[in-house]
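To start, the structure itself, in structure tokens.
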Amino acid sequence: MPEIGETLREARMRRRIDMAEVESATKIRAKYLRALESEEWELLPGPTFVKTFLRTYAEYLELDARLLVEEYKQRFERPAGLDTTPLNLRRQRRRRRVAPRLGPGLVVVLGIIALLGALYLLGVSGGGGDEQEPPAAVETPTPAKPKKKDKKKSERKPAAPKPVSVSIVATGQVYVCMEDARGRAVVDKRTLEAGQRTRTYRSRTFKVTFGTAEARIRQNGKSYPVAESRDPVGYSLRSGRKPRRITSGLAGCT
């Protein structure tokens, strides 16, 4: 009968099946499949696994699994009680290094050398009884220099406030006076009729005074009504905030 591994390999090659495909189908690792085909039984986990893997692989290749397993038992499996060493243990015999036997003459020579060495050490330790070795100098650690702060980071100026865009829309007849952050009158004591609208002005801040409530403030695209009041109504306008009503420091527009 042909070799077991040769039978497996020829059946696989005849069917043009890749080893990776066999591994995926049988769930047996490729290194164990290759060990079966090369009959390297010592690379497998043990006799039980050998027979299980052999049966699974043969059935996948549509071979007579029972016949291959029996062939393995007769040729490779050892009878119980003779040798219980698992097949997966590799034979790693370490050669023991045997120390060479020393001759009598060499032993005597080594003894003399050891005795002379001991006498020398006693002589060195016995002389100079009062002399003491000077203490080793202690190195003083150099203090670490403080890290310089990055002036650029500490001297960063706060970001300038963003300008605000403002226009006034009249819903009726209304008196308007509006000053920018420099105190310039951008709308100078102007009376607007219903439907009229000022141009859009940009500045960091604005102060605006209304004679009546017949107007709306357009600030950054949003519209805000003017509060009802018998007296002139003043507002402070700045970016990121809603119009804030003020009662002092109204825009005078000189």
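Nothing in this text is a laboratory measurement; each read-out follows from the coordinates by a stated rule. Just so it is clear, the model here is predicted, and its values are computed rather than measured. We place every Cβ from the backbone using ideal geometry, glycine too, and count neighbours over all the protein chains shown.
Which of the residues spanning region 28-46 are free of Cβ contacts under 8 Å to residues at least 24 places away in the same chain and either at positive phi or among the aliphatic types (A, V, I, L, M) (or both)? Break it down into steps so the answer makes sense when it comes.
Pass one, region 28-46, residues free of Cβ contacts under 8 Å to residues at least 24 places away in the same chain: 29-32, 34-35, 40.
Hits for region 28-46 are ALA30, ALA35.
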(request) Name the single residue, out of those in region 213-254 being part of a strand (DSSP E or B) and aliphatic (A, V, I, L, M), that is surrounded by the fewest Cβ atoms within 10 Å (Cβ to Cβ). (result) ILE246
(message) I'm trying to understand the selection: among the residues of region 189-212, which are touching an Asp or Glu at 6+ places or on another chain (Cβ under 9 Å), loosely packed, with under 15 Cβ neighbours inside 10 Å and in a strand (DSSP E or B)?
(response) ARG202
